[in-house]
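The values are calculated or read from the model by the stated rules, or taken from the named source; none is laboratory data. Since the model is a prediction, treat every value here as computed from it, not as a measurement. Neighbour counts are summed over all protein chains in view; Cβ atoms, including those assigned to glycine, are modelled from backbone coordinates with ideal geometry. Quick note on the areas: whole protein, heavy atoms, side chains included, nothing else; ligands and nucleic acids left out. Shrake-Rupley method; radii C 1.70, N 1.55, O 1.52, S 1.80 Å.
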Amino acid sequence: MAEGPLHDMGGNVSGKVILGTKPGCRMDIPAPCSVVIFGASGDLTRRKIIPSLYRLFAIDLLPSSFFVIGTARTPISDSAFRDSMQEAVKDAFSEDFSESSWQVFSEMLYYTSVEYDVQDAYVGLRDKLLALEKTHGTRGNRIYYLATPPAVYEPVIKNLGIAGLSKEDGGYRHIVIEKPFGSDLESARHLNRTLAASFAEHQIYRMDHYLAKETVQNILMFRFANSLFEPVWNMRYIDHVQITVSETLGVEHRAGYYETAGVIRDMFQNHIFQLLAMTAMEPPAIFNAESVRDEKIKVFKSVRPFNLEDLPSQVVEGQYDKGTMEGKEVPAYRNEPGVSPESTTPTYTALKVHIDNWRWSGVPFYLRSGKRLSMRKAEISIHFRPVPHLMFSHTMEESIEPNVLILRVQPDEGIGLHFQAKNSGSRVCLNTVLMNFSYQNAFLLDGYERVLLDCMQGDQMLFVRSDGEEQTWVLLTPLIERLAADTDVRPGIFPNYSAGSSGPVQAEELLKRDGRAWRPL
Ligand code: BG6
């Protein structure tokens, strides 16, 4: 193992971090394949999918035999599609855009128009696929990527099945589905049934781009590959856990979706509950997709159902008002384009959650997420119990801050441990210092690049299984429905936090009542 550079540990301490650069850690290049994108004229294709494929190509991680077929309703030529994707890739990479790489990559891009609910259109798609597979030698391995609005998922899935395009008759057939995966328990179950009628579970890749973030994957490595932390990872040593995903962005141009979704559907049912599961799960016997996903389900099943008769002690909702962000005035949510001036959609939620099992009994998990907050930040902080006996109390006036371990998901990805150290000098005086590991300057794949690669490799570890998707809806559907039914309360309280602030004051109260406080954003 190679030793990495000395990392600056901040505060009064310094130390050394050993970085793994073993040859076995290099990424494998996947077998030849093609990607069919449904919704190729949409935002997701332009902002994420094509730029990610282009970057994988530029860093030599795409298979040598590869092509993409973009599909959407509007008929356009291959060359018009290539031109439009070139703009998208230029926007994404600005000065890192390479004309010569693009020339080679763009020759692998094709387009065919598909009316999603017309069966015959899939016959045309199949013919084009078979012809291109011959030309490019991709051996029938295919990924179908659903980047359409969710309303179109069902006809596409059904028609792929009817046209025989889901059958693995020489080559794999994987299907990637973006969130939102349903809007409640019933619709998620319905979507799972629709998928199961055409595809087997091993072919289905339900996407949660948070799972693909390097630091989220590192939670499991950190917990289970170090003997130091697991013995204290429980109710005996941990006082509480905080999970924060705060955003500076507002709703942008997504009001159509967000007005019906709100923050619990948008951020909690997927990203935040996945972070919760990774933090709280038991170690699986082996590290493979099925065992890890089995353990995550057990966490979801142990989450105590919300007491719908006493929501104020567990939930705080918010909606942003106008405010100032980086010196600029920004509008209130209700004045954003496409948002109703009386909207009661929450853009902020804080939840207190209990996991009723042996490990976590009595340890609250406080979860919060919101838009237009003062910082863009995603982190999990593990707050340890205070020391049991204050032997310094007669010599020191200040109280001793308990240890906090921070798993920084983004930005400044890394891990920090806050602990106490004595100040130099003869007086007994303690300071909280930070021991810090940072991924800064490390080579990181973007979440979309990572999931595309994993899907090509057939690795479902970072994707959500059908039961995982449903179990989070089991927990959250009654809560969402009860909160939405309180329509007489929300219009009066919203908006209740200014853009650029740290959220509604009521969220502070949620922890204050328990004698705790949020970590500052
Ligand atoms: C998406 C949500 O899933 O995640 C967005 O729909 C949110 O509303 C986004 O902005 C946050 O992702 P990231 O990777 O920017 O933290």
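Pairs please, first residue from region 247-263 and open to solvent by 70 Å² or more (accessible area, probe 1.4 Å), second anywhere and within 8 Å of the ligand (Cβ to nearest atom) and of a type outside the set (A, V, I, L, M), Cβ atoms under 7 Å, 6+ apart in sequence or on different chains. Short answer, once both residue conditions are applied: 249/371. Considering each residue of region 203-214 in turn, none proves to be more than 30 Å from residue 405 (Cα to Cα), in contact (Cβ under 8 Å) with a residue 40 or more places away in the chain and part of a loop (DSSP other than H, G, I, E, B). Of the residues making up region 254-279, those that are of a type in the set (A, V, I, L, M, F, W, C) and more than 10 Å from the ligand (Cβ to nearest atom) are 255, 264, 268, 272, 273, 275, 276, 277, 278. For region 177-198, filtering for residues that are within 21 Å of residue 130 (Cβ to Cβ) and either assigned to a strand (DSSP E or B) or under 24 Å from the mean Cα position of the chain (by Cα) (or both) leaves 0. For region 91-118, the set of residues classified as open to solvent by 80 Å² or more (accessible area, probe 1.4 Å) and closer than 22 Å to residue 42 by Cα consists of 91, 107, 115, 117, listed by residue number. Identification of strands (runs of 3 or more DSSP E) wholly contained in region 265-375 with 3 or more residues that are aliphatic (A, V, I, L, M) yields 348-354. Taking the criterion of being open to solvent by 30 Å² or more (accessible area, probe 1.4 Å) and touching an Asp or Glu at 6+ places or on another chain (Cβ under 9 Å), the only residue of region 313-330 that qualifies is 322.
Out of the residues in region 408-428 that are modelled with pLDDT of 85 or more and among the charged types (D, E, K, R), which is nearest to residue 232 (Cα to Cα)? Among those that are modelled with pLDDT of 85 or more and among the charged types (D, E, K, R), it is 408. Within the set 297, 286, the sole residue that is of a type in the set (A, V, I, L, M, F, W, C), at pLDDT 95 or above and open to solvent by 10 Å² or more (accessible area, probe 1.4 Å) turns out to be 297.
Being acidic (Asp, Glu) and farther than 17 Å from residue 306 by Cβ is a property that residue 486 lacks. Residue 160 meets all of the listed conditions (1) in contact (Cβ under 8 Å) with a residue 40 or more places away in the chain; (2) away from the ligand (no atom under 16 Å from the Cβ); (3) surrounded by 19 or more Cβ atoms within 10 Å (Cβ to Cβ) but one, namely (1). Residue pairs whose Cβ atoms lie under 7 Å apart, sitting 6 or more positions apart in sequence or on different chains, and linking a residue in region 167-193 that is within 21 Å of residue 480 (Cβ to Cβ) and open to solvent by 20 Å² or more (accessible area, probe 1.4 Å) to a partner that is within 15 Å of the ligand (Cβ to nearest atom) and basic (Lys, Arg), are 180/265; 183/265. Evaluation of residue 304 against the conditions (1) under 23 Å from residue 206 (Cα atoms); (2) away from the ligand (no atom under 16 Å from the Cβ); (3) at pLDDT 95 or above shows that the sole unmet condition is (1).
Within the option set 241, 316, being under 24 Å from residue 517 (Cβ atoms), more than 16 Å from the ligand (Cβ to nearest atom), of a type in the set (A, V, I, L, M, F, W, C) and in contact with a Phe, Trp or Tyr (Cβ under 6 Å, 6 or more places away or on another chain) holds for one residue only, 241.
Looking across region 215-246, just one residue is open to solvent by 10 Å² or more (accessible area, probe 1.4 Å), among the hydroxyl-bearing types (Ser, Thr, Tyr) and either in a strand (DSSP E or B) or without any contact (Cβ under 8 Å) to a residue 12 or more places away in the chain (or both), and that is 227. Being more than 29 Å from residue 290 (Cβ to Cβ), away from the ligand (no atom under 16 Å from the Cβ) and either under 22 Å from the mean Cα position of the chain (by Cα) or of a type in the set (Lys, Arg) (or both) is a property that holds for residue 440.
Within region 33-52, residues that are open to solvent by less than 10 Å² (accessible area, probe 1.4 Å) sit with their Cβ atoms under 7 Å from residues that are among the charged types (D, E, K, R), at 6+ positions apart or across chains, in these pairs: 33/142; 34/133; 34/142; 36/142; 52/446; 52/449.
Residue 169 meets each of the listed conditions (1) of a type in the set (Asp, Glu); (2) part of a loop (DSSP other than H, G, I, E, B); (3) touching a Ser or Thr at 6+ places or on another chain (Cβ under 9 Å) apart from (3).
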